[in-house]
């Protein structure tokens, strides 16, 4: 099993900046749960607070409302950040905050009292990759009900998987952009060989073709359109990892420019509905763009204080040109480019992000939560249709639609699970009605069977 990439995950450039955005979204379901809990002074547990974005957002939302909250943070040993320390200090205005060291799978032994709300963001892919695969995830799902108070909540947010019944459904995708073809050559063989992923069955085989001939993925011609036949989940992994690597390369400065990815300048929308925005950026000493392309970029940009601003579509075009040159240099062994590439692979390149559809996630949590130890028979399910939320990433979806013939939706999926006593037929009926629009009949039958053991 891969060791947790502690050094890379605690680098200030990652934890304090790159992985510390969208605090309001990360805290959304936890905040909703706090408003619904009947506890006078709720106990909120956040697993994996990272840089503290959700902690800061919650402190802001609770300030001035009179509700005091006891917050317990559970973080992996060795993971720390300056931004989390500041967030903890801010939270002292609205309650208490305690930081515990341990792994998510040990939460049952770490907490000394029940939680009214347990919150986590992008947790399950960490458990899957570093904590025992599906067995680790299912063990966590069985543990959650044992640490929740009666009527408690589990608020979860992660990468949106795909529309469809299964991530193993075979589909065909085409790639013709040089930067994507190089990424396929470099990323996919290592991910399949070194990563923790579920695509091991015979029907999960990835087949790549160029000019109708089957080609090993590591031998793709960078100048010829490639057609890949693979499980949709694997192609989702490829797409998501390309986007995360693109962000990583931007932040490194190795492409020759660094866009503003946080704060109000990162949301300079021309049309938010379609994901069209202006990008604010600074230049760096590196230069992966051909001289003519760099000159073109500057010609269509405008000075804006100490940096430049340009149409996002043009910036994306320049990024892909620079990325193709960057990846070619990394393949040749260029020290700077290879170091940036290997740093990203070590931190994120082996992780499986999307392996549960919304249907699969709701079903898995429900079924395994009924297997929790204890005399009380309860289940974790969304109690209302509004407890199931998908938020699209319109800027990335715009880029993907312009670059790929059949892109997969980039979004976040958020679910608020309620700890429901199975004897509460009214609430249980509402919950089953709430998930009918998301879960298949087969999944509903599995949940029903788990709720009525022995028939």
- Message: under 30 Å from residue 136 (Cα atoms) and either out of contact with any helix residue (DSSP H, G or I) (no Cβ under 7 Å at 6 or more places or on another chain) or surrounded by 19 or more Cβ atoms within 10 Å (Cβ to Cβ) (or both): which single residue out of 348, 336 fits that description?
- Response: 348
- Message: Residues to consider are 119, 96, 80; find the one that is in the same structural domain as residue 30 (by TED's automatic domain parsing) and out of contact with any helix residue (DSSP H, G or I) (no Cβ under 9 Å at 6 or more places or on another chain).
- Response: 96
- Task: Please go through region 8-63 and pick out each residue that is part of a loop (DSSP other than H, G, I, E, B) and modelled with pLDDT under 80.
- Result: 10, 11, 19, 20, 21
- Item | The listed residue being farther than 23 Å from residue 401 by Cα, touching a residue at least 12 places away in the same chain (Cβ under 8 Å) and in contact with a helix residue (DSSP H, G or I) (Cβ under 8 Å, 6 or more places away or on another chain), out of 201, 197 | 197
- So which residues in region 421-442 are touching a helix residue (DSSP H, G or I) at 6+ places or on another chain (Cβ under 7 Å) and buried (at least 21 other Cβ atoms within 10 Å of the Cβ), if there are any at all? 435, 439
- Message: Tell me yes or no: at least one residue of region 240-249 is more than 28 Å from residue 406 (Cβ to Cβ), in the same structural domain as residue 320 (by TED's automatic domain parsing) and touching a residue at least 24 places away in the same chain (Cβ under 8 Å).
- Response: no
- Message: Looking only at region 230-244, count every residue that is surrounded by 23 or more Cβ atoms within 10 Å (Cβ to Cβ) and closer than 15 Å to residue 326 by Cβ and tell me the total.
- Response: 0
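The values are calculated or read from the model by the stated rules, or taken from the named source; none is laboratory data. Remember, predicted model here, so these are calculated numbers, not experimental data. Counting neighbours? That spans all protein chains shown, and the Cβs are built from the backbone with ideal geometry, glycine included.
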